[in-house]
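The values are calculated or read from the model by the stated rules, or taken from the named source; none is laboratory data. All figures in this text were calculated on a predicted structure; none of them were measured in a lab. Don't worry about glycine lacking a Cβ; one is built from the backbone with ideal geometry, like all the others, and counts go over all protein chains shown.
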Amino acid sequence: MGKKLTNEAETELKRSIENLHRLRIAHTGWKDILDEVDDLIDYAPSLNEPGGLMIVGESGAGKSTLLETIRDRYPVPELREDCTLVPCPIISIPSRPTIKSVGQATLLALGDPLWNVKGQYVAELKERIACLTKGCESRALLFDEANHFVDGRRSDSLSQIADWLKELSNSCKIPFIMCGLPRSEAILNFNVQLHRRFNATMELSLIDNSSENVSLTTFNKVVKAISAHDPILSRSGLLDGDFTSRLFVASDGRIGLLVKLLGTALKIAVRRDQIVIDTSAFERSFQRSIWRGAVGKLNPFNPEFKVRRLNKPGEPYAGTTMDPATRGKKS
């Protein structure tokens, strides 16, 4: 059991973990997507019809953080008394969405105080969104959790939502950027024109189909960048020997899960009054934050563990589309 920290030490620990979660590490795949987004937004005014980009990635890959980064790259240019400017609003798609609920979520993201007024018709929602994107000088709409469009939906329902998204795109005349789990792409298959506008799907991942070494090299850079922001992490030998490989398989190469693992390990070490994070702290952290069933040689930080992906049946990454053996290449 760890020692009880003083209020000051507890505050410092909380600050360290918050800083860890706020870090944005620009690895190669991240930069490629940001470059694509910049081109999409910058060239949109000169095109006859707005474009689109689908960004997919497994849970913990950093998709929501990426959307926040895109939003922050296009800050409000000035404060206006006559209106509120919203260059790149993030729309969180509700679970089991309807056309109405997606429309209301979009109005909310645009700052409409009447976003949830009862009795609004679907056509009215579309007109108000188009009017607000123009008045707010929006340059793109960013849709998060796009997989909610397809989760447990019938094909006729999907077709209706896809048609509405295409019509909304026509009305707003700005790019749509969607982000979600890999199955999110299915929504594009229900409207030919919508699919044509989303001329690219990009995957946010550190796992590379062509070479695991390339993935691990990139992951090493990510671990080095993260550890440089905390003195305990920097002293803990995260890049020594095969330890980075263990971190890689423990997180499946997903930055969100890596940060979660490191944050929990940091908390355990500090409460044990350790100046470095030892392997037992990481072993406990993996059990606590990622997989409770990781006992003994099934735990990446146990001495008996043989370094491999944890993608067998019953393991945390079983059946994920990030498996290099089964996953299709990104567009």
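For segment 96-116, check the following and say yes or no: at least one residue is more than 23 Å from the chain's Cα centre (by Cα), part of a helix (DSSP H, G or I) and touching a residue at least 24 places away in the same chain (Cβ under 8 Å). Yes, that holds for at least one residue.
Suppose the filter is in contact with a Gly (Cβ under 7 Å, 6 or more places away or on another chain) and within 30 Å of S46 (Cβ to Cβ); does I129 pass it? It is true that I129 is in contact with a Gly (Cβ under 7 Å, 6 or more places away or on another chain) and within 30 Å of S46 (Cβ to Cβ). On the basis of being within 16 Å of M178 (Cβ to Cβ) and at pLDDT 95 or above, does I99 make the cut? The answer is no for I99.
State yes or no: is F190 within 15 Å of L141 (Cβ to Cβ) and aromatic (F, W, Y)?
Against the criterion (within 15 Å of L141 (Cβ to Cβ) and aromatic (F, W, Y)), F190 does not qualify.
Those helices (runs of 4 or more DSSP H) of segment 141-245 in which at least 2 residues are of a type in the set (D, E), considering only elements entirely within it, cover 155-172.
One residue stands out among those in segment 289-313 that are of a type in the set (G, A, S) and under 20 Å from G253 (Cβ atoms): the one that is surrounded by the most Cβ atoms within 10 Å (Cβ to Cβ), which is A294. Going through F149, F143, F243 one at a time, which residue ends up being closer than 24 Å to G62 by Cβ, free of Cβ contacts under 8 Å to residues at least 60 places away in the same chain and surrounded by fewer than 18 Cβ atoms within 10 Å (Cβ to Cβ)? Every option except F243 fails the conditions.
Identify, please: which residue in segment 70-95 is among the hydroxyl-bearing types (S, T, Y) and more than 16 Å from E145 (Cα to Cα) and is, among those, nearest to the chain's Cα centre (by Cα)? The selected residue is Y74.
Have a look at I17, I99, I91 and point out the one that is surrounded by 13 or more Cβ atoms within 10 Å (Cβ to Cβ) and touching a Ser or Thr at 6+ places or on another chain (Cβ under 7 Å). Walk me through how you get there before you give the answer.
Numbers: I17 fails: touching a Ser or Thr at 6+ places or on another chain (Cβ under 7 Å); I99 fails: touching a Ser or Thr at 6+ places or on another chain (Cβ under 7 Å).
Unique residue meeting the criteria: I91.
Residues that are in a loop (DSSP other than H, G, I, E, B) and in contact with an Asp or Glu (Cβ under 6 Å, 6 or more places away or on another chain) within segment 289-301 comprise N299, F301, listed in sequence order. Tell me whether segment 33-52 contains one or more residues that are out of contact with any strand residue (DSSP E or B) (no Cβ under 6 Å at 6 or more places or on another chain) and under 30 Å from R272 (Cβ atoms). No, the conditions are met nowhere in segment 33-52. Restricted to segment 37-67, and to residues that are of a type in the set (D, E, K, R) and crowded, with 16+ Cβ neighbours inside 10 Å, which residue is nearest to L168 (Cα to Cα)? The extreme case among them is K63.
Residue count for segment 269-288, restricted to those that are in a helix (DSSP H, G or I) and buried (at least 20 other Cβ atoms within 10 Å of the Cβ): 7.
Are any of the residues in segment 6-17 at pLDDT below 90 and assigned to a loop (DSSP other than H, G, I, E, B)?
The answer is yes, given that some residue of segment 6-17 is at pLDDT below 90 and assigned to a loop (DSSP other than H, G, I, E, B).
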